[in-house]
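Structure, as structure tokens:
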Amino acid sequence: MFHATTILAYKGKEKAVIGGDGQVTFGNSVLKGNAVKIRSLHHGEVLGGFAGSTADAFNLFEMFEGILNEKKGDLFRAVVAFSKAWRKDKHLRQLEAMMIVLNRDHIFILSGTGDVVEPEDGMIAAIGSGGNYALSAARALQKHSALSETDLVRESLMIAGELCIYTNQNINILEL
């Protein structure tokens, strides 16, 4: 089983932010501690994060960005088209992988099984091994603190890094 990451995205009043830890784990070994699993897409208008293998991430990000360009940056239309394409590809749909993509208006969780999920609150999404830890921390910090969007994502990922053995505290953050 491949355990590799924690990705957290938060769409607040001032900014849309995505963050990810840097640990890549295979079995009971840490392969790398400073991987970057998030990226800016479509001329810096969309952010994305990936949980799964690195080679798969590059292929799926490239595929998504191509569709996003075809849809002229319309994130909603792009995620629907991407999900269909991902699910129809007999090799790609077998991946145990997930993505989060967001802009200032929308946030989505995507999977190879065809899932396109907009979080119920429309603000916070997390994937990966430590995703539930980061999501719980973000919800608590959102309700009980006055942290900026960037600080909320950073602190939530730091908490996940304390709890999940497949997550470290080498955090990367991007914001819109």
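The values are calculated or read from the model by the stated rules, or taken from the named source; none is laboratory data. Owing to the predicted nature of the structure, the values given are computational and were not obtained by experimental measurement. In this analysis, Cβ positions are derived from the backbone assuming ideal geometry, glycine residues included, and neighbour counts consider all displayed protein chains.
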Can you name every residue in the range 68-85 that is of a type in the set (A, V, I, L, M), farther than 17 Å from Ala16 by Cβ and under 18 Å from the mean Cα position of the chain (by Cα)?
Val80
Looking at the range 1-54, which of the residues that are among the aromatic types (Phe, Trp, Tyr) and in contact with a Ser or Thr (Cβ under 9 Å, 6 or more places away or on another chain) is nearest to Ser136 (Cα to Cα)?
Tyr10
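Looking at Ile67, is it crowded, with 16+ Cβ neighbours inside 10 Å, β-branched (Val, Ile, Thr), in contact with a strand residue (DSSP E or B) (Cβ under 7 Å, 6 or more places away or on another chain) and modelled with pLDDT of 90 or more?
no
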Residue check, Phe108 against (1) in a strand (DSSP E or B); (2) touching a residue at least 60 places away in the same chain (Cβ under 8 Å), all met but one. Which one?
(2)
Note: among Thr150, Thr167, just one is touching a strand residue (DSSP E or B) at 6+ places or on another chain (Cβ under 9 Å), buried (at least 22 other Cβ atoms within 10 Å of the Cβ) and of a type in the set (S, T, N, Q), namely Thr167
Enumerate the pairs (first residue in the range 18-39 and surrounded by 18 or more Cβ atoms within 10 Å (Cβ to Cβ); second residue anywhere and basic (Lys, Arg) and not in a strand (DSSP E or B)) with beta-carbon separation below 8 Å, excluding pairs fewer than 6 apart on the same chain, so at least 6 apart or on different chains.
Gly19/Arg154; Gly20/Lys37; Asp21/Lys37; Gly22/Lys37
So which residues in the range 90-105 are not in a loop (DSSP other than H, G, I, E, B) and not aliphatic (A, V, I, L, M), if there are any at all?
Arg93, Gln94
